[in-house]
Amino acid sequence: MMNYLVFARWFGLVSFILSLGILFNISDARVMARNMIHSEVGYIMGGVLPVIFGSLSVLFANSLEPSWSLLITLVGGSVLLIGIFRVIFVRLWKKLLWRYVEEIPFLFSLFGLMFGVILLYIGFFSEYI
């Protein structure tokens, strides 16, 4: 069974690795971001995957008691809401992306690294506190 620690480890590791990849290849990430706006890949990566990951988090780390599990639930709920917004309001999302396409890869990488570090800390070290 997947508990919140396993989910934090998994999602933290994925977030950290993907964010580092974007950060070390920022010029390529900007080109890919421009291309994704006009393709189905952008819809899947930006909308469908957050819905999948966010719903998994809400299902498996569903807790509102003040603990690390609450943070995982809030992160997952936020990711789920962002994915739902992107799936329902595709044109608005594409318009926002196009307006900030140069800044988005760096900001995505920065926030992904922050989320990744927090989740890795929760997943690997919180049980020792």
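The values are calculated or read from the model by the stated rules, or taken from the named source; none is laboratory data. Only a predicted model underlies this, so the values are computations on that prediction, with no experimental measurement involved. Counting neighbours? That spans all protein chains shown, and the Cβs are built from the backbone with ideal geometry, glycine included. Note: areas computed on protein heavy atoms with side chains; ligands, DNA, RNA excluded. Shrake-Rupley method; radii C 1.70, N 1.55, O 1.52, S 1.80 Å.
Could you tell me which residue of the stretch 26-44 is most open to solvent (accessible area, probe 1.4 Å), considering only residues that are more than 18 Å from the chain's Cα centre (by Cα) and at pLDDT 80 or above?
In the first step, residues of the stretch 26-44 are kept if they are more than 18 Å from the chain's Cα centre (by Cα); the result is 27-28, 31, 34-35, 38-40.
Remaining after also requiring at pLDDT 80 or above: 27-28, 31, 34-35, 38-39.
Details: S27: 74, D28: 85, V31: 69, R34: 76, N35: 96, H38: 136, S39: 41 Å².
Filtering first and then ranking leaves H38.
Quick check on the stretch 10-23. Is at least one of its residues modelled with pLDDT under 85, assigned to a helix (DSSP H, G or I) and of a type in the set (V, I, T)? No, the stretch 10-23 contains no residue that is modelled with pLDDT under 85, assigned to a helix (DSSP H, G or I) and of a type in the set (V, I, T). Residues in the stretch 1-24 that are open to solvent by 40 Å² or more (accessible area, probe 1.4 Å) and of a type in the set (S, T, N, Q): N3 alone. Within the option set F85, F124, being assigned to a helix (DSSP H, G or I), surrounded by 14 or more Cβ atoms within 10 Å (Cβ to Cβ) and touching a residue at least 60 places away in the same chain (Cβ under 8 Å) holds for one residue only, F124.
Any residue at all in the stretch 114-129 that is touching a Gly at 6+ places or on another chain (Cβ under 7 Å) and within 19 Å of P50 (Cβ to Cβ)? Can you show your working first?
Start the filter on the stretch 114-129 by keeping residues that are touching a Gly at 6+ places or on another chain (Cβ under 7 Å), which leaves 116, 119-120, 123.
Then keep just the ones that are within 19 Å of P50 (Cβ to Cβ); that gives 116, 119.
Checked against the condition, which is being touching a Gly at 6+ places or on another chain (Cβ under 7 Å) and within 19 Å of P50 (Cβ to Cβ), the stretch 114-129 yields at least one hit.
Within the stretch 65-78, track down each residue that is closer than 22 Å to F125 by Cβ, open to solvent by 20 Å² or more (accessible area, probe 1.4 Å) and part of a helix (DSSP H, G or I). Matches in the stretch 65-78: W68, L70, L71, L74.
Only residues that are of a type outside the set (S, T, Y), farther than 15 Å from G76 by Cα and open to solvent by less than 90 Å² (accessible area, probe 1.4 Å): list them for the stretch 104-116, please.
As a first pass, look at the stretch 104-116 and keep what is of a type outside the set (S, T, Y): 104-108, 110-116.
In the following step, the residues that additionally are farther than 15 Å from G76 by Cα were identified as 104-108, 110, 113.
Correct list: I104, P105, L107, L110, L113.
Suppose we filter the stretch 50-64 for residues that are open to solvent by 50 Å² or more (accessible area, probe 1.4 Å) and part of a helix (DSSP H, G or I); how many remain?
Within the stretch 50-64, the first condition is being open to solvent by 50 Å² or more (accessible area, probe 1.4 Å), and the residues that meet it are 52-53, 56, 59-60, 62, 64.
Imposing the further condition that a residue be part of a helix (DSSP H, G or I) reduces the set to 52-53, 56, 59-60.
So the answer is 5.
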